[in-house]
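Rule-based calculations on the coordinates, nothing more; no lab input. All of these numbers come straight from a predicted model, not from anything done at the bench. Positions of Cβ are backbone-derived with ideal geometry, glycine not excepted, and every protein chain shown enters the neighbour counts.
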């Protein structure tokens, strides 16, 4: 498919799409290849077609809901489809090349057609028409069916040529005669010399026994094996040799006729190459659509809506309603944590999301990239509504697990800037960009300056939707940019939790423990349970106190230090207001 | 012991050996003859491609393997037409080898085939699963790769035979090899803890137990916690210690297996050596009970 989107590896990894992708299970070999390609598209019509196909597959699954045997049988045949290679989807007029097909290749064509035709017959008319799963190659199928003991296997049967039948009958008679002579020779060897050659080409016999065999050299070949024994073989008789010569001649004739049959069948395949290619393409699309549809049903996914960018480079509103970042939701389920769905709307090109560390900014960004990548990969998305645009580039700038900054001679800051430069240069035709804690690796004043400049530049970049998260509050407020914050910690619950632990107050650094002894995993679980991942405008009342200080307290920071930090934070906030 | 058709019917048997010219392919032919005489239509395949051109026993060019109608085999597509057995293609194995793609075929008449099989254990296991799963054969013989006993564990429930050629020059080395394999095969089995019976069995082993994931080699042995009283490995094919190394290891702590491969015994081909001398070198009646001798010996005991 044309119109591949440059969804970067960074964006893919950041949004944990791979965890979703591992549940995407096409059944046919070509479907599996397509899965491995991890394609994300930037051609809106191509994406719309994939979504249409998913819808059609959902309809098919709904129709077959009461008939699981149909679904099972379709799955069975999809799994058995072989790749057709040059004479399949990639043929595109290579029909002439098909003249050289061998036994195995003809087998694959036959097996493909048997399973494809079975699928074509199993699906309802609407599905068949939608995916172009019709079968019109009865002539070729009929010809290939002549060779094979079942619908899939293949050999060059006698039925293909009268001459073949005759020569094979002759070979069978020669074999029978030869077997008769051999059986008689075996019996004589046993009777006369006590040598039992049944099932054995040769025997190892003791020196003493071999002596008398040497006298019958016309019947036996005798060669030394070791110091004490000999290898003895039964010599073929003149009559057996004569039969073998006749058989060789008959086999050559058989081979010649087989070549003619192969050429004839290959020509038939060549004549159908275009159709075979179309079948392969259609059944692969059907397989992929079914796999997407199964996910859509299992995880209640909905079709995303795409709106075109305006001629002036402005973008239509991004709407996210009750979206689930599935990898996070699955993790929460595993840890028995509450998961908050994301509701979010953005008319502006650029948004900045504030929030403290561990406050949920990253999850919000991950959710957005996850939805956008899935939507442009042709999948339905886990949201009640996801309205967006199609972007030629989806990119992430921020920390990456195992990034190569140090090996490339770059510091963490250098790596971030380099990554931004790539995003900036790559986004000329439009892009969906997210920046997680950009410039976090330098001082706050420098970071705020760089961030402000970047936000200002992005705001005017046509066709680019960008969302930046940061915990630096002094980023310039620029007209036309939306400033948001994550709802963050449920302070009331956090206060209750902190009080509930029965901590005693103490002076700074008094060595009193924070919350009662509790494992780190349990503490993180409690913090996550109190975290609200929604986004609200930054101007709205954020409530008193700092999320970061509260989180530090929940993580076990000395209670005295926590108290002092709260005081300093309150003083600074008061001064800022003045 | 003598090899019998019943040893093979309805099961998967790998024929392995320690080196080239150890008589694997000749043994395969002997096993096939037993099965045919019993009316069985087996499937057979190789692991990789044995490029050796000459047979170890007769010294002549290695014969291709005779095949009878109804039998199933695996080979590269280029060898199909020369088999003369009017092959019916049943399937094509995934991937490719240096000799091209591999096909599973059924002989429709007698012929002679060249075995070419998957190079990797898991692909060989996949081919066997396909043959059994599709019902093309119930009995499978595998002409295994030499000196790669790990292949046996790739297919659960497989049995294996170990073929060796022994001469006066290497009798001591071969006997050591036999003893080591016998010692490995005789290691006790600790089943996964599933219910009360399993716990009872675990109690027979000195504790604490240490489960080693992966091979037991001289290097990995050094990393085992010193307090481990019994080391448990997946199966004996994961033990890569030589005889002295194994003895030293088991003097210090127990060694147990999670599962036991089904071992059919040693098939010993003697050259310039009598059975008496071999037996005297082996000096172990228990092991000797697992030895069968060259199935091609004729008349009054052949070379004995």
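Ratio to report: Rg/Rh of the protein assembly as shown, with Cα atoms as the point set and Rh obtained by the Kirkwood method; give two decimals. Please report the intermediate quantities before stating the final value.
Details: Rg = 36.8 Å, Rh = 33.7 Å.
Computed over Cα atoms, the ratio is 1.09.
Relative to the longest principal axis of chain B, what angle (0 to 90°, nearest 10) does the C-alpha long axis of helix B:24-37 take?
70
Given R₀ = 56 Å, FRET efficiency for residue A:181-residue A:135 by Cβ-Cβ distance, to 0.05?
0.65
Let me check the size of chain B from its C-alpha atoms; what are the radius of gyration and Dmax in Å?
20.6, 62
Which log10 I(q)/I(0) values does region A:140-288 give at q = 0.12, 0.17 Å⁻¹ under the Debye formula, counting every alpha carbon as one identical point scatterer?
These q points yield log10 I(q)/I(0) values of -0.72, -0.98.
With an 8 Å cut-off on Cα pairs and a minimum separation of 6 or more residues, tell me the relative contact order of chain A in percent.
Taking the mean separation of contacting Cα pairs over the length of chain A, I get 17 percent.
Taking only Cα atoms, what is the 0 to 90° angle, nearest 10, from helix A:444-459's long axis to the longest principal axis of chain A?
70
Could you work out how far apart the two model spin labels at residue A:267 and residue B:82 are, taking each label as a point 7 Å from the Cα in the direction of the beta carbon, and quote it in nm?
Distance between label points: 2.9 nm.
Could you give the semi-axes, largest first, of the ellipsoid that matches region B:240-304, computed as the square roots of 5 times the alpha carbon gyration tensor eigenvalues and rounded to whole Å?
31, 15, 9
When the scattering of region A:371-493 is computed by the Debye formula from its Cα atoms alone, each counted once and equally, what is log10 I(q)/I(0) at q = 0.13, 0.18, 0.21 Å⁻¹?
Values, matching the q order: -0.62, -1.10, -1.31.
Based on the alpha-carbon gyration tensor of region B:61-141 and its eigenvalue square roots a ≥ b ≥ c, which shape applies: rounded if a/c is under 1.5, prolate if not and a/b is larger than b/c, or oblate?
oblate
Calculate how steeply helix B:243-252 sits against the longest principal axis of the alpha-carbon atoms of chain B, using the helix alpha-carbon long axis, and give the answer as 0 to 90 degrees to the nearest 10.
Helix B:243-252 and the main axis of chain B meet at about 30 degrees.
Considering only the protein assembly as shown, what is the antiparallel percent among its DSSP beta bridges, to the nearest 5?
40
Kindly provide the helix-only [θ] at 222 nm of the protein assembly as shown, computed as the sum of -39,500 (n - 2.57) over DSSP H runs of four or more divided by all residues, to the nearest 500 deg cm²/dmol?
-13000 deg cm²/dmol
Of the residues B:19, B:81, B:259, which exhibits the maximal mean-square fluctuation in a Gaussian network model of chain B defined by a 10 Å Cα contact cut-off?
Sorting by GNM fluctuation, first place goes to B:81.
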